[in-house]
Amino acid sequence: MNEPRIETLPPKKLIGQRVRMSLTNNKTAMLFQGFMPRRKEIANTVSSDIFCVQVYDTGFSIHGFGPDTEHTKWAAVEVTHFDDIPHAMETLTLSGGLYAVFLHQGAASDFEKTFHFIYADWFPRSGYALDARAHFEILGIKYKNNQPDSEEEVWVPVRLNPA
């Protein structure tokens with residue numbers, strides 16, 4: 001796995017749908033099956049990229065995270081404004097800030113390797129600490145829903161570690 005790039009993300013406006021879930025009670029497929037056919041209803045989109053956002057109630061902690069940790073997952077697209085929100089969709093504003101951006105290559109079932117690299121390998125030697133903001137993946141033109149040649153960007157919120 002390659003080293004991430006570090007980016008400062010400006011605030012972003014998203015429109016989409018959300019669901020409460022955990023890894024044990026994973027509702028990701030249901031969320032995207034409901035959202036993807038309706039995404040064209042969203043006006044003023046910035047691009048064709050799909051955002052898969054995880055919002056943790058108290059921020060994400062690798063030591064406090066387990067298969068039953070509940071969080072809110074979003075399927076959304078970026079928009080220029082919130083003037084026209086389709087029925088049964090909601091708005092989410094990503095606050096922006098510093099992110100480490102990793103490239104996950106392969107099927108979603110292989111994501112554990114990427115997760116391990118980020119949290120067990122990269123973070124301890126990076127000089128960064130995890131920040132309490134939304135985590136997300138960008139499913140762009142190279143994303144191929146669970147195919148071995150699929151690619152997605154994994155955006156992890158970071159801050160300089162004062163240690």
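What the table shows:
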item	result
Qualifying residue in region 152-163 (condition: closer than 16 Å to LYS73 by Cβ and part of a helix (DSSP H, G or I))	no
Breaking point among (1) under 15 Å from the mean Cα position of the chain (by Cα); (2) within 19 Å of CYS52 (Cβ to Cβ), for LEU98	(2)
Restricting region 84-120 to residues that are free of Cβ contacts under 8 Å to residues at least 40 places away in the same chain and either acidic (Asp, Glu) or in a loop (DSSP other than H, G, I, E, B) (or both), the residue that is nearest to VAL46 (Cα to Cα)	HIS87
Scope region 79-137; condition surrounded by fewer than 14 Cβ atoms within 10 Å (Cβ to Cβ), within 21 Å of PRO162 (Cβ to Cβ) and polar (S, T, N, Q); matching residues	SER95
Residues that are at negative phi and in a loop (DSSP other than H, G, I, E, B), drawn from region 121-135	ASP131, ALA132, ARG133, ALA134
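Laboratory data are not the source of any read-out in this text; all were calculated from the coordinates shown. Just so it is clear, the model here is predicted, and its values are computed rather than measured. As a convention, Cβ positions derive from the backbone with ideal geometry for all residues, glycine included, and neighbour counts pool all protein chains shown.
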